[in-house]
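The values are calculated or read from the model by the stated rules, or taken from the named source; none is laboratory data. The structure presented is a predicted model; accordingly, all values stated were derived computationally and were not measured. FYI the Cβ positions are ideal-geometry reconstructions off the backbone, even for glycines, and counts take in every protein chain you see. Each accessible area value is taken on the protein alone, full model and side chains, heavy atoms only, with ligands, DNA and RNA left out. Shrake-Rupley method; radii C 1.70, N 1.55, O 1.52, S 1.80 Å.
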Amino acid sequence: METCHGICRIAVTLGENHSRTLLEQVDHWQSFLALVNMIMFCTGIPGHYPVNETTSSLTLTFWYTLQDEIMSFESDKQSVYLQVYRPVYFQLVDVLLHKAQFPSDQEYASWSSDEKEQFRIYRVDISDTLMYVYEMLGSELLSNLYDKLGRLLTNADQPTSWQHTEALLYGFQSIAETIDVNYSDVIPGLIGLIPRININNVQLADTVMFTIGALAEWLADHPVMLSSVLPLVLQALGNPDLSVSSVSTLKKICRECKYDLPPFATNIVAVSQEVLIKQIHKTSQCMWLMQALGFLLSALPVEDILRNLHSLITPYIQQLEKLADETPNPSNKLAIIHILGLLSNLFTTLDISKQDDESADGSAPPVKTVPPTPGPNPVVVVLQQVFALIQTVLSKWLNDSQVVEAVCAIFEKSVKTLLHDFAPMVSQLSEMLGQMYSTIPQGIGGGASRSLMDQFAEVLFCLNKHCFSLLAVWLKEALQPPGFPSTRVTAEQKDNFSQQILRERVNKRRVKDIVKEFTLLCRGLHGTEYAAEY
């Protein structure tokens, strides 16, 4: 094994460092092709990486280098080299997909967690290589993969291993994740094949989910195919072993296809509520799921949004009410942060403004300046209903920076999503911010105080960016009373603070610095040795 490893390293080093020189030796092209075939053997060396061999990973960068050199030649020369090396690269795809195959279930179960992680990274490297190779082979590569998968799934006479099916799907997924496949004529066939796959293994199910997710943009252009794959995704949602793949795929579909999902909305919401109540998923996946539901609800009529919101969040509001009455402790702190996180992630994506994600020329959109939505915005309706409850929670947990951060995140994300529609909430939120600012504990040198000021600045920055005129009015009114927020600051200093804040609509870091300076003035710490603590 060590001898083979050494020979491979020499061959790869020679190929990587002298590819162009060797390619230009046209009289000796067969000798270089022999070297390429030797490296191909090293890429496909028998055994599973990293348990049976560690040689194949050494070769992957060579294929990048060789492709770069071939594609850098002038078109006449390039076409000659492509005649020779395109078949080589098609062979490379077959070799890489073979190496990407999982071992038998029994063998894989015997691997250590470190070996499994190395294999996962190795597959990512293979995925990256396949994506790069697509630049040379183009749509013919997708056709090649589709033909293989079709034969595999439709040949009843020959039993197939799930590993072979999974590897071919992984090839599709690798390309579709980063390459625009919207114009490929094989994707409809692939979508048609997916329901025929006998999904009896977690790794295979994961790859099916990720492949569907990678095709979300294509599904948005071909919504008639949604009914073929959406049931698979919703079924997987109830399996904790498929948590990451199923939730991320549903989120992609809800983001890309939301205007075609209303017929499926009732079912999606029902399944999502069920898995949330059963606590099947970890915290991060729960947050993704709420983001998915936000995208989904955005495309519904307002009355349907409000109805779904009521059924979706009422259990959490009731739980939060109960937690707000309890004495603060580590256990209920985590539950409070979780519920606040669910709400803020839902509000992050629940946007009924229906503004296009891109301008007509395909460029990134400017900062949204859409007029207010007629009628009550569903997010504002919910925020107004729970505002008093959130204030209660905040009053009990003002000393805890994590809870304050979770509260601020709700409003910060809501402002970013709602823009002008947030207007009815500005006075209430501003009043709460003023109370929060004036009642923050005067412990000197506390990291919590510094963190609280950062959260305060985050919300101020969002209001300034999206509700400038309303914030200007509130700042003037809030800072007018003598002695607020501190007897240590003069009217001139308060006015200076307001002007500085209102000028900064781009630089968030500067807003944090302004708030910090004003806080130090309010506490009589500006210019003292304690200022560094902040």
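Applying the set (1) modelled with pLDDT of 95 or more; (2) open to solvent by 60 Å² or more (accessible area, probe 1.4 Å); (3) of a type in the set (A, V, I, L, M) to V88 leaves exactly one unmet item: (2).
Restricting attention to segment 314-330, does a residue exist that is assigned to a helix (DSSP H, G or I), within 28 Å of L398 (Cβ to Cβ), within 26 Å of the chain's Cα centre (by Cα) and not hydroxyl-bearing (S, T, Y)? Checking segment 314-330: not a single residue is assigned to a helix (DSSP H, G or I), within 28 Å of L398 (Cβ to Cβ), within 26 Å of the chain's Cα centre (by Cα) and not hydroxyl-bearing (S, T, Y).
In this structure, does H98 turn out to be in contact (Cβ under 8 Å) with a residue 60 or more places away in the chain, part of a helix (DSSP H, G or I) and not basic (K, R)? Criteria met by H98. The residue of segment 459-480 that is most open to solvent (accessible area, probe 1.4 Å), among those that are more than 10 Å from S498 (Cα to Cα) and not in a helix (DSSP H, G or I), is Q480.
Filter segment 399-434 for residues that are at pLDDT below 85, open to solvent by less than 20 Å² (accessible area, probe 1.4 Å) and farther than 15 Å from F461 by Cα and give the result. Correct list: M432 only. When the residues of segment 76-112 are filtered to those that are over 23 Å from L168 (Cα atoms) and of a type in the set (G, A, S), the one that is farthest from the chain's Cα centre (by Cα) is S79.
Out of the residues in segment 441-484 that are of a type in the set (K, R) and modelled with pLDDT of 80 or more, state the one that is nearest to the chain's Cα centre (by Cα). It comes out as K465.
Residue by residue, here is whether (1) assigned to a helix (DSSP H, G or I); (2) over 18 Å from L130 (Cβ atoms); (3) among the hydroxyl-bearing types (S, T, Y) holds:
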residue: G15; (1), (2), (3): yes, yes, no
residue: P46; (1), (2), (3): no, yes, no
residue: Q67; (1), (2), (3): yes, no, no
residue: Y85; (1), (2), (3): yes, no, yes
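Every listed requirement among (1) polar (S, T, N, Q); (2) over 24 Å from I126 (Cα atoms); (3) surrounded by 20 or more Cβ atoms within 10 Å (Cβ to Cβ) is met by N198 save one, (3). Is it the case that some residue within segment 369-381 is modelled with pLDDT under 80 and under 26 Å from K512 (Cβ atoms)? Looking through segment 369-381, at least one residue is modelled with pLDDT under 80 and under 26 Å from K512 (Cβ atoms). Would you point out the residue of segment 124-142, among those that are of a type in the set (S, T, N, Q) and modelled with pLDDT of 95 or more, that is surrounded by the fewest Cβ atoms within 10 Å (Cβ to Cβ)? Per the criteria, the residue is S127. Exactly one residue out of R20, R9 is basic (K, R), within 17 Å of Y85 (Cβ to Cβ) and either assigned to a helix (DSSP H, G or I) or modelled with pLDDT under 95 (or both), and it is R20.
When segment 494-505 is filtered for residues that are open to solvent by 60 Å² or more (accessible area, probe 1.4 Å) and free of Cβ contacts under 8 Å to residues at least 24 places away in the same chain, the ones remaining, listed by number, are D495, N496, Q499, R503. Restrict the check to segment 26-35 and report whether at least one residue is among the aromatic types (F, W, Y), within 15 Å of G15 (Cβ to Cβ) and either touching a helix residue (DSSP H, G or I) at 6+ places or on another chain (Cβ under 9 Å) or open to solvent by 30 Å² or more (accessible area, probe 1.4 Å) (or both). The answer is yes, given that some residue of segment 26-35 is among the aromatic types (F, W, Y), within 15 Å of G15 (Cβ to Cβ) and either touching a helix residue (DSSP H, G or I) at 6+ places or on another chain (Cβ under 9 Å) or open to solvent by 30 Å² or more (accessible area, probe 1.4 Å) (or both). Selection of helices (runs of 4 or more DSSP H) fully inside segment 207-285 by the criterion of at least 1 residues being of a type in the set (D, E, K, R), over 30 Å from Q101 (Cβ atoms) and not assigned by the TED database to the domain that holds V181 returns 216-221, 243-256, 265-277. A265 satisfies every condition listed in (1) modelled with pLDDT of 95 or more; (2) surrounded by fewer than 18 Cβ atoms within 10 Å (Cβ to Cβ) except (2). Looking only at segment 159-185, residues that are open to solvent by 80 Å² or more (accessible area, probe 1.4 Å) and within 18 Å of N200 (Cα to Cα) come to 1 in all.
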